[in-house]
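S.K.: Here's a structure for you.
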Amino acid sequence: MQPLVSQPWRSTRLGAIYTLERISQESEREYWPIMETLTAYVREHAHWQPLTDYSPSPVTKLPPLRMRVLEPQHRPNADIQAILTVLGRRDETRRQQDEAEKRSLDLRATDLRGAKLKEAHLKGAILLGAHLECALLAESAPARCPTRGSAPGRFQPRGSVPGRGRKWR
């Protein structure tokens, strides 16, 4: 994956992300617009690109099972990971308010492979089409994820491994 944040702008973007987090914690009025802005940034800059367009044949009408291969060092860019960290550590009061007002973090169709989400509170988040292969969802990574030195080119499971991931419903 090509870096989305060039070195000179990396600290500026990260500073802006954490400043938005502080503002969202201090201002109830600005909280939800900031969450929407951050999730829109993730959807735009970590959008999951399908391998190819698929046109179902009249015979099968089912797409072939095709998965992307996870490269051993694939991780979200620093700005995407920072946003995921901010979204995941919203306080309990804000999360309850979101649930009561039926607001959801929209992370659909995003490439979150290898993201660190082990303490994230994403209950009610829209993750339809999000790719979470090898994301750190609990205290340990799924067993079938490649590590440095392992053979690249292995197929990875979609989503979390049963019994190891956090349920977000």
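S.K.: Would you check which residues across segment 19-36 are loosely packed, with under 15 Cβ neighbours inside 10 Å, part of a helix (DSSP H, G or I) and of a type outside the set (A, V, I, L, M, F, W, C) and list them?
M.R.: Thr19, Arg22, Glu26, Glu28, Arg29, Glu30, Pro33, Glu36
S.K.: Kindly indicate whether Leu84 is in contact with a helix residue (DSSP H, G or I) (Cβ under 8 Å, 6 or more places away or on another chain), of a type in the set (A, V, I, L, M), closer than 24 Å to Glu30 by Cα and at pLDDT below 95.
M.R.: No.
S.K.: Going by the conditions given, is Ala115 modelled with pLDDT of 90 or more and more than 20 Å from Arg22 (Cα to Cα)?
M.R.: Against the criterion (modelled with pLDDT of 90 or more and more than 20 Å from Arg22 (Cα to Cα)), Ala115 qualifies.
S.K.: A follow-up question, please. Based on this model, can you work out whether Tyr41 counts as hydroxyl-bearing (Ser, Thr, Tyr), modelled with pLDDT of 90 or more and crowded, with 16+ Cβ neighbours inside 10 Å?
M.R.: Criteria met by Tyr41.
S.K.: Filter segment 87-121 down to the residues that are crowded, with 19+ Cβ neighbours inside 10 Å, in contact (Cβ under 8 Å) with a residue 60 or more places away in the chain, closer than 17 Å to Glu36 by Cβ and of a type in the set (A, V, I, L, M, F, W, C) and list them by number.
M.R.: Within segment 87-121, Leu105, Leu107 qualify.
The values are calculated or read from the model by the stated rules, or taken from the named source; none is laboratory data. In this text, all values refer to a predicted model and were calculated from it rather than measured experimentally. Counting neighbours? That spans all protein chains shown, and the Cβs are built from the backbone with ideal geometry, glycine included.
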